[in-house]
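Asks: Pasting in a structure now, in structure tokens, and then I'll have a few things to ask.
The values are calculated or read from the model by the stated rules, or taken from the named source; none is laboratory data. Remember, predicted model here, so these are calculated numbers, not experimental data. Virtual Cβ from ideal backbone geometry, glycine too; neighbours counted across all protein chains shown. Ligands, DNA and RNA are excluded from the accessible area calculation, which covers all protein heavy atoms including side chains. Shrake-Rupley method; radii C 1.70, N 1.55, O 1.52, S 1.80 Å.
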Amino acid sequence: MNAQVKEQDGSGSELKTAPIIISFVVAGFIGLFSETALNMALNNLITSFGIHETTAQWLTTGYLLTLGILVPVSGLILQWFTTRQLFIASLIASIIGTFIAAIAPTFSVLMIARVVQAIGTALLLPLMFNTILMIIPPYKRGRVMGVIGLVIMFAPAVGPTISGLILKSLSWHWIFWISLPLLIGALIYGIIFMGNVTTPTKPKIDILSIILSTIGFGGVVFGFSNAGEGGGWGSPTVIAAMVAGGVGLLLFTIRQLKMKQPILDLRAFKYPMFTMGLLMVVVCMMIILSSMILLPLYLQTSLALSTFAAGLLLLPGGIINGLLSPVMGGLFDRFGPKWLVISGIVVVTAAMFGFSTITMETTAPFIIGLHIVTMVGISMIMMPAQTNGLNQLPPELYPHGTAIMNTLQQVAGAIGTAVAISILSSGANNFMSTVEDKQNPLNQVLAFTAGIQDAFVFAIVASFVGLIISFFIKRVQVEHQL
């Protein structure tokens with residue numbers, strides 16, 4: 001076992017788990033709020049910095065790219081440092097990144113700030129999941145993971161709403177100024193209450209594996225992102241990045257399978273429900289993060305809504321998702337994942353069909369309803385599929401399982417975002433090629449709306465893939481003990 005539990009006695013552990021979970025929930029919520037908070041400010045940033053919308057998209061994709069590079073080695077990091085050390089380091093990185101973003105005078109500085117913020121999140125996410133697996137017995141994990149769902153799904157969902165409210169009367173800098181004291185408060189709370197759950201074993205660090213992981217995951221995400229930025233799928237840069245990423249991942253995989261102490265133990269894939277759960281999480285992240293970047297753009301461009309009004313439209317879905325996550329966790333503990341996940345993906349697929357029909361005449365209540373339906377479906381899928389998959393792993397694979405799941409989750413989000421923006425741009429260009437008056441503002445908005453419809457067709461395809469996978473999920477009978 002790579003990490004040994006220190007706090008497992010029946011009497012004391014219950015008292016110690018609550019403040020630890022609270023520390024993660026507070027810190028994680030504020031950190032992941034940043035993942036989508038700037039989406040509502042994209043138009044402001046495009047105007048302020050004089051950049052193209054596909055360049056502005058890098059504020060999200062770059063954040064996810066950093067996570068995709070750093071999270072794969074988190075399984076190793078979790079075995080080198082204590083829970084307190086990693087928690088404090090993650091909060092400090094988030095605080096530094098948030099401060100730089102708050103004072104950022106140029107797009108380049110803001111981009112650097114996002115990368116620093118992502119370093120904090122890359123440390124926090126795997127640490128949070130691994131700690132929950134270590135301190136919560138399997139029969140209680142559904143409800144606790146549901147609370148964690150408040151962080152993973154609720155924070156990114158309400159990010160656009162909160163930032164829209166801020167932008168109504170303040171500049172985009174205040175998105176970060178308001179987050180800063182909350183992060184500092186979370187750090188102080190964690191310093192006081194965070195306990196050490198594991199004992200570091202400090203396994204050997206394999207530099208070549210880290211290099212191959214960086215080239216592999218980084219190359220794939222960069223390739224997709226550059227294609228979405230306008231380089232096109234046939235661009236030499238895109239092709240080179242994809243080839244380098246593919247080769248890097250292949251060599252990384254081969255090396256991990258041959259090592260006695262791999263930095264990312266791929267034996268986790270031998271557990272079928274872990275693999276099925278992982279695939280469902282990947283599908284969900286592609287859908288939710290592509291939707292979270294498309295909807296604010298649509299609401300502000302096609303419907304000509306203010307940032308505040310657009311944010312309000314997305315608020316009900318975010319709130320309902322947050323309220324349902326613990327409920328779905330409780331249902332998972334009682335009934336298992338199968339019918340929750342199948343029902344959820346059916347609901348999400350129906351919502352994506354609805355989004356693919358939106359036009360300039362679509363009413364606000366219709367958008368609110370579709371967004372609520374989407375978030376209800378996502379709450380039925382994410383935590384049950386994820387928890388069920390992780391439950392099948394033996395304790396020695398917990399750090400690696402959480403690293404694998406968080407890595408592919410972030411990579412999938414980056415790919416989904418990049419592909420959605422790429423399809424949006426392509427659809428708009430195709431529409432403009434069919435009209436004579438290309439300078440007419442109405443035609444430009446119609447073209448943008450056509451691109452939005454095309455991008456949601458991609459989400460429909462992803463949903464159908466998830467629907468097929470969902471029929472293979474079954475409840476895990478946990479035989480191993482912590």
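Asks: Can you pull out the residues in segment 96-115 that are in a helix (DSSP H, G or I) and open to solvent by 30 Å² or more (accessible area, probe 1.4 Å)?
Replies: Across segment 96-115, the qualifying residues are Ile96, Phe99, Ile100, Phe107, Ser108, Val109, Met111, Ile112, Val115.
Asks: Here's a follow-up. Return the residues of segment 192-214 that are open to solvent by 70 Å² or more (accessible area, probe 1.4 Å) and either under 26 Å from the mean Cα position of the chain (by Cα) or within 25 Å of Thr407 (Cβ to Cβ) (or both); say none if nothing qualifies. Before the answer, list the steps.
Replies: Narrowing segment 192-214 to residues open to solvent by 70 Å² or more (accessible area, probe 1.4 Å): 192-193, 202, 204-205, 207-208, 211.
Within segment 192-214, Lys202, Lys204, Ile205, Ile207, Leu208, Ile211 qualify.
Table: residues versus (1) among the β-branched types (Val, Ile, Thr); (2) on the phi < 0 side of the Ramachandran plot; (3) open to solvent by less than 10 Å² (accessible area, probe 1.4 Å).
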| position | (1), (2), (3) |
| --- | --- |
| Gly336 | no, no, yes |
| Trp339 | no, yes, no |
| Ile367 | yes, yes, yes |
| Pro384 | no, yes, yes |
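Asks: I'd like to check something: does segment 301-310 contain any residue that is farther than 17 Å from Lys168 by Cα, surrounded by fewer than 22 Cβ atoms within 10 Å (Cβ to Cβ) and touching a Phe, Trp or Tyr at 6+ places or on another chain (Cβ under 8 Å)?
Replies: Yes, segment 301-310 has at least one match.
Asks: What pairs come out if I take residues in segment 309-327 that are more than 18 Å from Ser163 (Cα to Cα) and pair them with residues that are among the charged types (D, E, K, R) whose C-beta lies under 8 Å away, six or more apart or interchain?
Replies: These pairs meet every condition: Pro326/Arg143.
Asks: Quick one: Gln261 ticks every box in (1) of a type outside the set (A, V, I, L, M, F, W, C); (2) within 18 Å of Ser379 (Cβ to Cβ); (3) not in a helix (DSSP H, G or I) except a single one, so which number is it?
Replies: For Gln261, the exception is condition (2).
Asks: Tell me the residue from Gly377, Gly329, Gly413 that is of a type outside the set (Ser, Thr, Tyr), closer than 30 Å to Pro203 by Cβ and within 22 Å of the chain's Cα centre (by Cα), please.
Replies: Exactly one residue qualifies, and that residue is Gly413.
Asks: Would you point out the residue of segment 63-84, among those that are assigned to a loop (DSSP other than H, G, I, E, B) and not polar (S, T, N, Q), that is farthest from Ala27 (Cα to Cα)?
Replies: Across segment 63-84, the extreme among qualifying residues is Trp80.
Asks: Does any residue in segment 266-283 that is hydroxyl-bearing (Ser, Thr, Tyr) come within less than 9 Å, Cβ to Cβ, of a residue that is open to solvent by less than 10 Å² (accessible area, probe 1.4 Å) six or more places away or on a different chain, and which pairs are these?
Replies: So the pair list comes out as Tyr271/Gly389; Tyr271/Leu393; Tyr271/Leu397; Tyr271/Gly401; Thr275/Ala268; Thr275/Gly389.
Asks: Is it true that Gln4 is open to solvent by 10 Å² or more (accessible area, probe 1.4 Å), at negative phi, at pLDDT below 75 and touching a Ser or Thr at 6+ places or on another chain (Cβ under 7 Å)?
Replies: It is true that Gln4 is open to solvent by 10 Å² or more (accessible area, probe 1.4 Å), at negative phi, at pLDDT below 75 and touching a Ser or Thr at 6+ places or on another chain (Cβ under 7 Å).
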